[in-house]
1. Any residue at all in segment 407-418 that is within 13 Å of the ligand (Cβ to nearest atom), surrounded by 20 or more Cβ atoms within 10 Å (Cβ to Cβ) and farther than 30 Å from GLU333 by Cα?
2. List every residue pair whose Cβ atoms sit under 8 Å apart, with the two residues 6 or more apart in sequence or on different chains, where the first one lies in segment 108-127 and is among the acidic types (Asp, Glu) and the second, anywhere, is part of a strand (DSSP E or B).
3. Those residues that are within 13 Å of the ligand (Cβ to nearest atom) and either small (Gly, Ala, Ser) or assigned to a helix (DSSP H, G or I) (or both), I need them from segment 463-490; list them, please.
4. Counting only residues that are more than 17 Å from ALA302 (Cα to Cα), in a helix (DSSP H, G or I) and among the aliphatic types (A, V, I, L, M), how many does segment 396-423 have?
5. Can you work out which of the residues in segment 192-236 that are under 17 Å from the mean Cα position of the chain (by Cα) and among the basic types (Lys, Arg) is nearest to THR450 (Cα to Cα)?
6. Test GLY103 against the criterion of being surrounded by fewer than 17 Cβ atoms within 10 Å (Cβ to Cβ) and more than 21 Å from the chain's Cα centre (by Cα), and give yes or no.
7. GLY460 fails exactly one of the following numbered conditions: (1) within 16 Å of the ligand (Cβ to nearest atom); (2) under 26 Å from the mean Cα position of the chain (by Cα). What is the number of that condition?
8. Based on what the data block shows, is GLY239 buried (at least 23 other Cβ atoms within 10 Å of the Cβ), under 18 Å from the mean Cα position of the chain (by Cα) and within 28 Å of VAL84 (Cα to Cα)?
Amino acid sequence: MAQAQKITPRAKDFSEWYGDVIANAQLADYSPVRGCMVIRPHGYHIWELMQRALDDMFKATGHRNAYFPLFIPMSFLAKEAEHVEGFAKEVAIVTHTRLRATGKSGADAIAVDPTSALEEPLVVRPTSETIIYAMFAKWIQSYRDLPLLLNQWANVVRWELRTRLFLRTTEFLWQEGHTAHVDEADAEREARTILGVYRRFAEDWMAMPVLTGVKTESERFAGALRTYAIEALMQDNKGLQAGTSHNLGQNFAKAFNVQYQTAAGGLEHVWNTSWGVSTRLIGGLIMTHSDDNGLVAPPRLAPVQVAIVPIWKSEDEKSQVSGVGSQVKSDLEKAGLRVELDLRDTMKPGAKYFEWEGLGVPVRLEIGPRDLASGQVVLARRTGGKTPVPLADVVASVTVALEEIRAGLLKAARDRREQNSVRGIDKARFIDLMKGAGGFAYGGFCGSGTCEAEIKEQTGATIRVLPDPEFRSKETPKTCMWCGKPSVAEAVWAQAY
Ligand SMILES: [Zn+2]
């Protein structure tokens with residue numbers, strides 16, 4: 001159970017607030033290893049719920065899970081030139097396989113055994129394209145083997161100097177999909193299908209609205225032809241890249257010699273895609289919905305969806321309200337809901353309410369003797385509002401409330417994003433916005449990497465996406481909002497995590 005602690009208000013210090021919400025809800029903690037985090041049960045439960053939902057969606061779109069090794073021969077990383085450049089600066093390398101006793105005491109009692117040096121060092125996967133495509137080369141012979149649609153749930157390591165729980169850690173959990181296709185059109189369809197899956201997951205499950213679109217060359221995945229992303233706007237008006245889907249073209253197929261025999265008998269390289277979302281989504285969930293009282297968990301991903309808090313003074317009352325509480329719990333569980341019945345007699349009801357709020361529980365049911373006398377319980381929503389509901393209708397009332405809360409969170413987040421989006425921006429306004437409130441800035445882009453770099457250097461903002469048609473402004477910008485040259489695409493800028 002959480003020990004309620006003081007939460008810094010968002011308006012005072014957003015970053016402190018974020019840390020306080022995590023600590024208060026016991027989602028994660030810093031580990032003895034710098035840069036790494038420990039995911040605590042309440043946080044891990046959210047991840048398990050995310051995994052289950054995403055895994056079902058991957059399987060429904062024809063993917064199967066597999067598992068590839070944690071270690072990758074160093075030479076593999078070197079095979080795709082852009083890829084190695086993208087990851088070289090953040091990989092952990094295993095060079096030895098043994099320790100030996102030194103005969104000394106204390107910390108010096110063991111040392112690396114120099115005779116155990118590996119002939120070829122191994123890198124700890126920062127992502128698994130290289131080892132997976134080495135295997136694809138073995139498994140794919142003919143067009144009949146395609147498409148090959150795999151996913152793996154795994155941990156990866158990217159050495160980070162700055163740690164931010166869930167958002168930036170050296171080791172994190174994720175899924176990485178890897179697929180092979182006969183041609184560009186099929187790979188493109190796959191990359192787009194997954195972008196749609198990610199969007200649906202973000203909106204339906206996390207109640208987190210996202211923009212979809214394509215990344216510019218400078219923000220593209222190392223080794224990809226095209227990178228698509230879902231991007232969300234957090235409550236501090238910073239962007240969060242929440243998931244990416246890459247059309248890798250034939251870059252990796254050529255590097256790893258993944259070829260197939262065509263129906264006509266020729267030999268062709270396959271087209272690959274890769275795509276991933278990570279425990280970073282939990283950071284996005286926290287920063288999208290939570291408030292100054294702590295975590296607000298969207299109902300479908302809440303580890304506890306309903307907390308039942310019976311209220312009593314005498315032992316007689318206790319046995320009465322807890323009996324009804326048990327019955328309600330069992331009815332709600334039969335309806336597939338995750339429920340806790342809080343019978344602790346060491347805490348006052350008010351303190352219990354406060355604690356369940358901090359844990360993000362969407363619905364609380366208060367059951368007191370007077371409520372029972374009138375055949376009702378009180379339904380309190382984490383997002384505000386208390387109403388009595390008839391005991392006989394409690395399952396239906398809770399189910400409706402959870403769905404209303406989910407829809408309400410999504411709408412509130414979407415309204416907030418739109419209120420903090422500026423369209424048709426010009427340079428002066430852009431500079432002001434990035435110095436001040438932040439948010440999504442829509443404007444024309446000339447397509448030049450130099451322009452992009454200059455904007456990043458002067459304002460800290462990057463192009464989050466060149467948005468898909470449904471997110472574009474009614475009026476297509478004609479000139480680059482920064483340099484004034486002709487615009488090639490509308491872009492969305494933001495400072496980002
Ligand atoms: Zn420009």
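Derivation of every value follows stated rules applied to the coordinates shown; laboratory data play no part. Predicted model, so just to flag it, every value in this text is computed and none were measured. Quick reminder, even Gly has a Cβ in these numbers, built from the backbone with ideal geometry, and neighbours come from all protein chains shown.
1. No, segment 407-418 contains no residue that is within 13 Å of the ligand (Cβ to nearest atom), surrounded by 20 or more Cβ atoms within 10 Å (Cβ to Cβ) and farther than 30 Å from GLU333 by Cα.
2. ASP113/HIS96; ASP113/LEU99; ASP113/ARG100; GLU120/PRO73
3. Result: GLY484, SER487, ALA489.
4. Total meeting the criteria: 3.
5. ARG199
6. yes
7. (1)
8. Yes: the conditions hold for GLY239.
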